[in-house]
Structures are given as structure tokens and as C-alpha cells.
Amino acid sequence: MNNAQGHGGIELAYMGVHEIFQMAIAAEEMGCLSGLQCSIFDAPGKWGRLFSHFTYLPSAFPLGSEALPPGKLHELPLPQLARQIIKKVFKNKRIDPLPYLQAFERRAARRLRHSDARIAVAAETCALDYFHAAKERGMRCVLDSHGIPAPFLDAALQRAAAEFGLPAPPPCDSTAMSEHKRQERELADVIVFCSELQRKHWVELGVPAEKCQAIPLWVDTDFWKPEPRKCAEGQPLQVAAVGCGSLAKGLPYLLRAVAPIGGSVALTLVGQVDAAMQPLLQRCAIQPRCLPYMCRPQLRDFLNSQEVLVMPSLGDSFGFVALEAMACGLPVIVTTHCGVPVPDPAWRVPALDSSAITERLSGYEEDRECAAREGREASLFAAQFSPQRYRDQVKDVYRGLLAANSEGFLR
């Protein structure tokens, strides 16, 4: 029996994408991958190859997936497919995701009960039954926690809604979902967070620090890279905001921030703007350009036409788009509620503070060469955060658990 199939094996499961595929590649690079259970996977003989032609489901072919042997990937498409259909039928209704997540984890747990693996890895919201099955077989459990704490985000949302005279938003998580996540954290032997900010807030909420590890995410600099750009003299500063069309993403603060600068900046919003934000958008003195969702190549080309990216989030555990923008050579303005690393603390402004964003934008508008210079710095900084670096740090987590398991077995 080889290492991957025997006592050194690592099993993984998640209904979505997030970090789970890179975590699986890390296990495969160690020679320890027993299997990955996902919704769909785009490869010959897989449901993902068929579904990709007529519907969108996550997990089709994420970065680096060619490194995963198709025989070790096991699709469980029905829970995600059912959820997508229900969301389409009831477009304007808030759909509780928990029943679909539980359906996936129950199916994933069935396979785990027949595995000789020593480590079970799952992402939050899909881990509870999976971890129960793992514990029955004496496995160590690794939880990939990608979410900012709901109490932290809820508090910021309530404050922002009151400030802008908006209806109080509902809690981010239902009581049932909060309890589901709490039990997942309790069962986990190691919890992997994607930023120090996220780790800090969870520890403050009572998660034992000794089982919390922060591993920053990655950017694919073979894809996200700068192209030659020229600053057009006399033209407004080109400011991008991607996926920030909601209260949680801080759109009201961004709109307020650009108002005092007037026509000196040209703000472009990429992605859907929530209905609740439309009145604020219409009243904005400086009307931003609004563009729809972009695929990856379109977004890369767009970022390479911009000079600064702003991410005014009220709560983001990481913030992939900020790292992608930096890789494309843009300086970024992110908030203290956003976990993405930045090359200079000055690039991080206080959350829920539009004046701090105004000050940073004004500085770039007055010194365009500074924006270009810091953009070059951003590109070099982002290149440190490679997928391989992420996987190597995940391997350290695996090795620590495997070593601990071996010591326990010998005793």
C-alpha cells in the first residue's frame, strides 16, 4: 500500500472553490493525496466537462488543477446544482445555503468512513459531518476558514447603515449557520486562516490561539501582470473599484470619498451594484462609470488601464482582487477591515472613514508619478505571494499533524 493510500493519506472536501484545490495540490506534491471531493471538475469523464457547456458551477478548473490526478477527484454535483437552480427560480429571495452545504458534507462523509487517511481537510460551512466521520476513524482535522467573523462584520454593517440612513441589514449568518460553524471550529485540530487580521479577530472571539494559523493567499503572476501604461496628461486619475457594489464592500464610503475631488478622478465600478445602493449612486455628485462582471482576461486588461484600485471593505478576510491589482502594477487603497497584505502600512486606511480615502486619492491625483512608482513597488511585492509559497506553508501544517499522529501511534 503506497503512502497516499495508507496511513499518510490526506482527504479533502468542499462544495465550492476557495483554497481547497491548492490544499489538495500541496497534498499531491507530498505524495499524500488520497482524494478530493468537490462539486464538479472539468476533466474527461467528469460531470464538470458536461456541465461547463451550459451552466455555471464553481470548481470547474481552478488554478493548478492539472496537477491533480482525475482519478483522485470525486464529484458530488447534486447539492450545488440544486442550490443554483433554486437561486435562479427565486431570484429576489434570500436562499438559506445551509441545507445544501449539509447535503454535500453528508455525502462527503460517506467516502471518508472507508478511508485510511490520517488527515481530513474541509472548508468552513461544509465540514461538520465530514469532521465527525474523520474523528470516528481517528483522523486529524484541518479547517480552511475563509470567512471574516460574522459578529465583526455585523457590527460594521449596523454602524454604516445608521450613518447613511439605510435599513438595518439582517445578520450575516443565521443562528443555525453560526452554530454549524462553531462546531466545525471546535472539532478542528488546526484552523487555517487566510490573513493575520482574520486570525486575530477569531482569537479575540475565543478560538484557541494554539490551533490557529494564518497563511496568506496567492496571486498567479503568470496571468496577473503589468502591461505598459501611460498617464494621459490632463486626464482624471483612473480609479477602479471591483466587486464593491454593496454596503459590506463599503460602497457608500467610496462614493462619499470621491465627491470632494470632483472631476479630478474617474471612478469605475466593476460588478453588480445592490438595489439598496442605487439611491446613493444616483445622488452621487460625481457619477461613476458602471461596468458589468468581467471574466479574468477582461479584468486583467481593465486593471492595466487603471492607476489605482480602492477596496473600501467593511470586512474582508483577504481580498483577492487587491493582490491581483498589485500584480498588475496598481497601488491599492484598502481598509483596516481587509486582510490582504500591502507593502506599506500607509496603503491601509481606517475602515468606515471616507476622508482617509479622499486624502489618499488626492495625493495620487496631485502626484501621478507617485502612483506609477508605487504601482511598480506593488507588482514586486505581489510576486512574493505565489501559489507555491502558499502550498509550502500548507505542507508544513500537514507535516506537523502527520508527525504528531506518528508520535501518538508509537506511544
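Laboratory data are not the source of any read-out in this text; all were calculated from the coordinates shown. Because the structure is predicted, anything quoted here is derived from the model rather than measured. Neighbour counts run over all protein chains shown; Cβ positions are idealised from the backbone, glycine included.
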- Query: So if we plug the beta-carbon distance of Asn92 and Leu205 into 1/(1 + (r/R0)^6) with R0 = 30 Å, what FRET efficiency do we get, rounded to 0.05?
  - Reply: 0.35
- Message: How far apart, in nanometres, would the label points at Ala168 and Glu29 be if each is projected 7 angstrom from Cα along the Cα-to-Cβ direction?
- Response: 4.8 nm
- Task: Report the normalised scattering of the range 237-382 as log10 I(q)/I(0) at q = 0.15, 0.16, 0.18, 0.19 Å⁻¹, calculated by the Debye formula with identical scatterers on the alpha carbons.
- Result: -0.66, -0.76, -1.00, -1.14
- Query: Can you sort His146, His114, His74, His337 so the residue with the fewest Cβ neighbours within 10 Å comes first?
  - Reply: His114, His74, His146, His337
- Relative to the Cα centre, what is the charge dipole magnitude of the chain, using +1 at the beta carbon of each Lys and Arg, -1 at the beta carbon of each Asp and Glu, and rounding to the nearest 20 debye? 1140 debye
- Straight-distance crosslink candidates among lysines, where the alpha carbon sits under 30 Å from Lys93 and sequence neighbours closer than 8 are dropped: Lys181, Lys249
- Task: Give me the distance in nm between label points sitting 7 Å out from Cα along the Cα-to-Cβ direction at Glu366 and Ala82, one decimal.
- Result: 5.9 nm
- Query: In a shell of Cβ-Cβ distance under 9 Å around Leu33, excluding Leu33 itself, what net charge do Lys and Arg (+1) and Asp and Glu (-1) give?
  - Reply: -2
- Starting from the amide H of His74, placed 1.01 Å from N in the peptide plane, find each other amide H under 5 Å away whose residue is 5 or more places distant or on another chain. Leu36, Gln37, Cys38
- With unit charges on the beta carbon (Lys/Arg positive, Asp/Glu negative), name the residue among Ser386, Gln213, Tyr14 whose Cα is farthest towards the positive pole of the charge dipole of the chain. Tyr14
- May I have the extent of the alpha carbons of the chain along their three principal axes, as whole Å values ordered from largest to smallest? 69, 45, 42
- Note on the structure: Scoring only Lys, Arg, Asp and Glu (+1, +1, -1, -1) among other residues with Cβ under 12 Å from the Cβ of Phe320 yields -3
- Item | Residue order, fewest to most surrounding Cβ atoms within 10 angstrom, among Tyr130, Tyr398 | Tyr398, Tyr130
- Item | Net +/- balance of residues flanking Cys212 in space, Cβ distance below 14 Å, scoring K and R +1, D and E -1 | -4
- Item | Prolate/oblate/rounded call for the range 359-405, Cα gyration tensor, a/c under 1.5 rounded | prolate
- Query: Among 282-290, 319-327, what's the highest-first ranking by average C-beta atoms within 10 angstrom per residue?
  - Reply: 319-327, 282-290
